[in-house]
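Engineer: One structure, as C-alpha cells, below. Some questions next.
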Amino acid sequence: MDLLNTLVDKGLRRELPTREEALAVLATSDDDVLDVVAAAGRVRRQWFGRRVKLNYLVNLKSGLCPEDCSYCSQRLGSTAGILKYTWLKPEEASQAAAAGLAGGAKRVCLVASGRGPTDRDVDRVAGTIKAIKDQNEGVEVCACLGLLSDGQAERLREAGADAYNHNLNTSEGTYGDITTTHTYADRVDTVQKAHAAGLSACSGLIAGMGESDEDLVDVVFSLRELDPDSVPVNFLIPVEGTPLAKEWNLTPQRCLRILAMVRFVCPDVEVRIAGGREVHLRTMQPLALHLANSIFLGDYLTTEGQAGKADLEMIADAGFEVEGAEQVTLPEHRATAAGGCGSHEGGGCGSHDGTGCGSHQDSGCGSHEGGGVCGSAPAVTPAAATVTAAAVGEARTDLVAVRRRGAGTDLAPNA
C-alpha cells in the first residue's frame with residue numbers, strides 16, 4: 001500500500017505526515033489492519049527496538065474533584081461508586097509504589113484529583129517524591145496534579161520530579177463539549193509550564209468520546225507541536241455514573257488504527273497505551289505492543305486493570321522485553337544524559353512540548369480529572385468469559401470493574 005510505505009519512510013526520518021495521510025490511516029479497513037500494524041511497527045522498532053517500558057500509578061487523592069470532565073469518575077456530580085480518600089501519607093504512597101516497582105515498573109506516576117495543587121499540596125507531593133526516591137534508586141517519578149500555577153513546576157523539579165503529566169484529551173474544537181470548568185488553553189499552559197521548568201512533558205489523549213477522525217488528528221497534531229516526551233493514548237472507559245457512560249464506540253481494530261496513527265505522527269516519542277486497553281483491545285492487546293512502547297502495569301486510578309503477572313506474560317509471549325532501569329527510554333537524539341526521562345531538545349515528535357505522564361481517565365500518570373475511568377479490568381468471571389464480542393455501541397459493563405484494592409485500601413495491589 002503506497003500510503004503505508006510513505007508513512008514508514010517519513011517515520012524513519014522523523015518527518016511529519018500530512019493531515020490527509022493521518023486521516024487515511026484511520027480510514028483503512030479492518031481487512032488492512034495487520035498491514036497498518038506491521039508498517040507502524042517498523043517505525044516503533046527503529047526508535048525503541050522491542051523494549052516495553054512499564055509505568056505504575058499511585059492515586060494520592062481519590063474522588064471529590066470540583067471539575068466537570070465528562071469522562072471522569074471523580075468529576076463533580078459523579079455517582080460512580082469509586083474509592084474516595086484524601087492525601088496518602090508519604091510512607092503510604094511509597095509502599096504503594098513499591099508493589100509496581102517490584103513488578104518491573106521503572107516510572108511511578110503520582111496522581112491527585114482536583115483542579116490543581118495548592119502550594120501546600122506541592123509540599124506534600126515533594127515529601128512523597130523524596131520518600132519514593134530514598135527507597136528506590138534510579139526510579140523515575142512523574143507528577144500529575146492538574147493545572148499548575150506559576151512556580152509550582154519549578155518546585156516539583158527541585159523536589160526530584162522527573163516528569164509532569166497533563167493530557168490535552170481531545171481537540172481544541174470539541175474541548176468545550178467535554179469540560180466547562182477549565183479550557184483547552186489552560187491545559188496547554190500547564191504543559192508549557194512543565195516544559196519550561198525542565199520537567200519531561202507527558203501529554204496525551206482520550207479516544208472513544210464520540211469524536212470524529214478529524215478531532216483525533218487535530219489533537220495528535222497539537223501534541224506533536226507541543227513535543228512531549230511521552231504520549232499516553234487512553235481509550236474511554238464508560239463508567240456508570242458519568243455523562244459518557246453510554247459511549248461505547250470503539251473496536252479493537254479501531255484502537256489499533258488510532259495507535260498506528262499516533263506512532264506515525266510522533267515516531268520517536270514514548271507512546272503509551274493507557275486507560276482502557278483491557279476493555280477495548282481485549283485479546284488484541286499483544287498486537288498493540290507493535291505500535292506502543294510503554295504501558296501501565298496493574299490497576300489504574302479508580303478502575304482495575306489486567307493482573308500485573310498477565311501483563312508480563314503478554315510482553316514475553318509477544319516477543320518483547322521489559323525495559324530495564326539502566327536503559328534509556330528515548331532515542332539518543334531526544335534523551336538526556338541523566339537517565340532516560342528524555343529531553344525536550346532535539347525535536348522529535350514535533351516542536352516543543354506536551355502534557356502528561358498518563359491517562360485521561362487516567363491511564364497513565366493520568367490526568368487528574370480523568371482519573372478513574374482509565375483503565376478497567378476485564379472482570380474475569382465465568383459469565384464474562386462467555387460473553388461474545390459486542391458490536392460497536394453495545395455496552396460491555398462486564399468489562400468494567402471499580403478498583404477496590406491497592407492505594408487507599410487495606411488490600412494488596414494488583415501489580
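Engineer: Give the relative contact order (percent, whole number) for the chain; include only Cα pairs under 8 Å separated by 6+ residues.
Structural biologist: The normalised contact order for the chain reaches 25 percent.
Engineer: Based on Cα positions only, what radius of gyration and what Dmax would you give for the stretch 226-316, in angstroms?
Structural biologist: Using the Cα atoms of the stretch 226-316, the pair Rg, Dmax is 13.2, 38 Å.
Engineer: Any chance you could get the radius of gyration and Dmax over the Cα atoms of the chain, in Å?
Structural biologist: Rg and Dmax of the chain, Cα atoms, are 18.7, 56 Å.
Engineer: So if R0 is 35 Å, what FRET efficiency would ASP119 and ALA412 give, r being the distance between their Cβ atoms, rounded to the nearest 0.05?
Structural biologist: 0.55
Engineer: Roughly what would the spin-label model give for GLU137 and ASP398, points 7 Å off Cα along C-beta, in nm?
Structural biologist: 4.9 nm
Engineer: I've got another one for you. About its Cα centre, what dipole magnitude does the chain give when the only charges are +1 on Lys and Arg Cβ and -1 on Asp and Glu Cβ, stated in debye to the nearest 20?
Structural biologist: Here the size comes out at about 840 debye.
Engineer: Another one. Defining a contact as two alpha carbons under 8 Å apart and six or more residues distant in sequence, what relative contact order in percent does the stretch 1-89 show?
Structural biologist: Once divided by the residue count of the stretch 1-89, the mean separation gives 20 percent.
Engineer: A follow-up question, please. On average over all directions, what projected area in square nanometres does the stretch 93-242 have, based on the convex hull of its Cα atoms?
Structural biologist: Mean projected area for the stretch 93-242: 9.5 nm², to one decimal.
Engineer: With a Cα-only, solvent-free Debye model of the stretch 1-103, what are the log10 I(q)/I(0) values at q = 0.15 Å⁻¹?
Structural biologist: Treating every Cα as an identical point scatterer, log10 I(q)/I(0) equals -0.84.
Engineer: Of the peptides 128-134, 11-17, how do they stack up when ordered by the mean number of other Cβ atoms within 10 Å, highest first?
Structural biologist: 128-134, 11-17
Engineer: Quick one: net charge around VAL8, please, counting Lys, Arg +1 and Asp, Glu -1 for every other residue with C-beta under 15 Å from its C-beta.
Structural biologist: Numbers: positive: LYS10, ARG13, ARG14, ARG42, ARG44, ARG45, ARG263; negative: ASP2, ASP9, GLU15, GLU21, ASP32, ASP35, ASP268.
Local charge sum for VAL8: 0.
Engineer: So, one more: Only bridges whose two residues both fall in the chain count here: according to DSSP, what percent of them are antiparallel, nearest 5?
Structural biologist: Values: 2 of 34 bridges.
Of all bridge pairs located within the chain, approximately 5 percent are antiparallel.
Engineer: Let me ask something else. What is the ratio of the Cα radius of gyration of the stretch 128-206 to 2.2 N^0.38 Å, with N the residue count, to two decimals?
Structural biologist: 1.20
Engineer: So how much slack lies between LEU34 and ASP317, counting 0.36 nm per residue of separation and subtracting their Cα-Cα distance, in nm?
Structural biologist: 100.1 nm
Engineer: Quickly rank 259-267, 47-55 as a protection proxy: mean count of other C-beta atoms within 10 Å, highest first.
Structural biologist: Top of the packing list down: 259-267, 47-55.
Engineer: Taking 31 Å as the cut-off for C-alpha to C-alpha distance, list the pairs among LYS10/LYS309; LYS10/LYS130; LYS61/LYS193; LYS193/LYS309 that go past it. It would help to have the intermediate numbers written out before the result.
Structural biologist: Working: LYS10/LYS309 36 Å; LYS10/LYS130 42 Å; LYS61/LYS193 23 Å; LYS193/LYS309 37 Å.
Violating the 31 Å Cα-Cα cut-off are LYS10/LYS309; LYS10/LYS130; LYS193/LYS309.
Coordinate-derived values only; no laboratory data. Just so it is clear, the structure is predicted and the values come from calculations on it, not from any experiment. We place every Cβ from the backbone using ideal geometry, glycine too, and count neighbours over all the protein chains shown.
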